[in-house]
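Structure, as structure tokens:
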Amino acid sequence: MTSNLTERLKRHNKGYERTTKPYSPFRLIYSETSDTRGEARIIEKYHKSGIGKEKLRAIQDDTNI
């Protein structure tokens, strides 16, 4: 969840985010916008859930073709 997606991706790839540092480098495969921070948090929780991760993996697999 961020207001500056480009900068957030740079921070992840430079290892500034402790929770994602061991998994870099990253590439953007999907983004979504929302009108409120609360709505964005709900979307983020969904994408971190099992079913949300499955959908993101399917998107990733489609982009690797």
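The values are calculated or read from the model by the stated rules, or taken from the named source; none is laboratory data. Just so it is clear, the model here is predicted, and its values are computed rather than measured. Note: ideal-geometry Cβ built from the backbone for every residue, glycine included; neighbour counts use all protein chains shown.
Things worth noting here:
- Only residues that are surrounded by 10 or more Cβ atoms within 10 Å (Cβ to Cβ) and under 12 Å from the mean Cα position of the chain (by Cα) were counted in region 13-27, giving 2.
- Residue in region 50-60 that is in contact (Cβ under 8 Å) with a residue 24 or more places away in the chain, surrounded by 10 or more Cβ atoms within 10 Å (Cβ to Cβ) and touching an Asp or Glu at 6+ places or on another chain (Cβ under 9 Å) present: no
For every residue, the table says whether it meets (1) at pLDDT below 95; (2) not in a helix (DSSP H, G or I).
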site	(1), (2)
R8	yes, no
G15	yes, yes
P25	yes, yes
L28	yes, yes
E39	no, no
I42	no, no
K55	yes, no
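- Cβ-Cβ distances below 9 Å connect the following pairs, each with a first residue in region 15-31 that is free of Cβ contacts under 8 Å to residues at least 12 places away in the same chain and hydroxyl-bearing (S, T, Y), a second residue that is part of a loop (DSSP other than H, G, I, E, B) and surrounded by 10 or more Cβ atoms within 10 Å (Cβ to Cβ), and a separation of six or more residues or different chains: T20/F26.
- Check on K10, surrounded by fewer than 11 Cβ atoms within 10 Å (Cβ to Cβ) and of a type in the set (K, R): no
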